[in-house]
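Asker: Encoded as C-alpha cells, here's the structure I'll be asking about.
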There are 2 protein chains.
Amino acid sequence: MDQKVSDSGERQKSIEALRELIRDIHIAMLTTRSEDGGLRSRPMITAQHEFEGQLWFFTHADDPKVSEIVKQSAVNLAYADPERDRYISITGQAELVRDKQKIELLWTEELKQWFPQGCADPSLTLICVNVSEAEYWDANRNQLRGIFRELFFETEPELKHDRLKWAETA
Amino acid sequence: MDQKVSDSGERQKSIEALRELIRDIHIAMLTTRSEDGGLRSRPMITAQHEFEGQLWFFTHADDPKVSEIVKQSAVNLAYADPERDRYISITGQAELVRDKQKIELLWTEELKQWFPQGCADPSLTLICVNVSEAEYWDANRNQLRGIFRELFFETEPELKHDRLKWAETA
C-alpha cells in the first residue's frame, strides 16, 4: 500500500493516520548525522500540538544536535511502543525555529523539568521536522499471522507495511 | 562521563554495561541512509547471542536495507523502553554476513515467523553492526530529579547522559 499522495484530500488522510499512530507515544528517537558521519539518536519529547505534517521539539541553541541539523537536515524519527507492538519510522527534513510566538504557543509546563528557565529562556530553540515519508509496523492494525511479519518482507508488496507519503508542499 | 576506552578491561566494562541495558529490549529501530539521502528506520529483532561489541540481525538479501548498507555502512540502532524510561542510541558500522555457520549459530525457531523457510533459506543474510559508540538515557540509573533531565543538557558535562565508547578493534 504505497500511496502517492498528490491531492490535499489524500494528504489529509495520511496526516490523520499518522496523527493517530503517534498519539500515545510521546518520546521519539531523533536520528541525525554527526560530523564524523556516524548516525546518532536521542529521545525527544514531541511537543503537544495538532499534527499537520510537521513535528516539533524543544532544545537548546547550543545543543550538538542543533549544529548537526544545520549541517545535514535529513533526520529520522522513530516512535516505538513495544507494549502494543507498534513502530513508526518518519523521514523528514529538520529546520530550526527560534520564533518567540511559536515557542510560547507550544510551551507546556511539563517542559520545565528540562528547561527550568521556562519559555523565556533565550536559548530555547524549536526543531521542526517536515515529514516527507512515514512507515509503520503495527501488529494490531495489519492483522498479520505473526507480529511484524511484514518487517522482513519489504520486497513483497502484499505483505509490505503501510507507507504514508506526503505530497511536496510548495 | 565520557569514557575513552583504550584498554581491553575498560572495553569489557562498556560491553557489559550495554549488554545489560539492552537485555530486555528485543526490538531495535535500525536507521540507514537511503539512496535519496533520507534517513529511514525499521524495527529489527536483535539476534540472541552474548553481546561482545557486535549486534546481529536477520534479513533477506534482496531487502532494500541491504543495498542501503552496501552504499552507506553508517547506521544507528535505537532501543526504546518507554515503560522503564530507558532509551539507548548505538552508533555503528553495519556489514553484511552470509556465513552459513554463523546463520545456524544465531538461528532460533522464533525467527520462523518471518523466515518461514528456516535457516536453510538461501537468501538469509545477517546484518552485523559493529558498535563504535553507545549512549543511554535511563531515568532509574541516573537518579535524576526529573526523568530524562539530561536529555536536553548535553552541553553540561555534569548532567550529561552516560556515553560508552569502544576502542577501535584492529
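Asker: If you put a point 7 Å past Cα along the Cβ direction, how far is that point for A:ASP99 from the same point in each other copy, in nm, smallest first?
Answerer: In ascending order, 5.4 nm.
Asker: Where the centroid of each part is defined by its Cα atoms, how far is region B:61-75 from region A:77-140 in Å?
Answerer: The two parts, judged by their Cα centres, are 28 Å apart.
Asker: Provide an ascending nm list, one decimal, of label-point separations from A:ALA120 to the equivalent residue in each further copy; define each label point as 7 Å from Cα along Cα→Cβ.
Answerer: Inter-copy label distances (nm, one decimal, shortest first): 7.3.
Asker: For region B:80-90, just list the computed ³J(HN,Hα) in residue order, Karplus coefficients 6.51, -1.76 and 1.60, θ = phi - 60°, integers in Hz, with x standing in for Gly and Pro.
Answerer: So the J values, rounded to whole Hz, are 10, 10, x, 4, 9, 6, 10, 9, 10, 10, 10.
Asker: My understanding is that a pair violates if its Cα-Cα distance is over 29 Å; which of A:LYS13/A:LYS112; A:LYS65/B:LYS102; A:LYS13/A:LYS65; A:LYS65/A:LYS102; A:LYS13/A:LYS102; A:LYS71/A:LYS102 do that in this structure?
Answerer: On the way: A:LYS13/A:LYS112 34 Å; A:LYS65/B:LYS102 37 Å; A:LYS13/A:LYS65 31 Å; A:LYS65/A:LYS102 20 Å; A:LYS13/A:LYS102 25 Å; A:LYS71/A:LYS102 23 Å.
Going by Cα-Cα distance, A:LYS13/A:LYS112; A:LYS65/B:LYS102; A:LYS13/A:LYS65 fall outside the 29 Å limit.
Asker: Also, quick follow-up: With +1 assigned to the C-beta of every Lys and Arg and -1 to the C-beta of every Asp and Glu, and no other charges, what is the dipole magnitude of region A:15-77 about the Cα centre in debye, to the nearest 20? Intermediate results must be reported in sequence, preceding the final value.
Answerer: Working: 7 positive and 10 negative charges, 36 e Å.
Taking the Cα centre of region A:15-77 as origin, the dipole is about 180 debye.
Asker: Moving on. Suppose you put the label 7 Å out from Cα in the Cβ direction; list, shortest first and in nm with one decimal, how far A:ASP36 is from each other copy's label.
Answerer: List, nearest first: 3.1 nm.
None of the figures in this text is laboratory data; all of them are computed from the coordinates on show. Predicted, not measured: the structure shown is a model, and the values here were computed from it. Cβ: placed from backbone, ideal geometry, glycine included. Neighbour counts: every protein chain shown.
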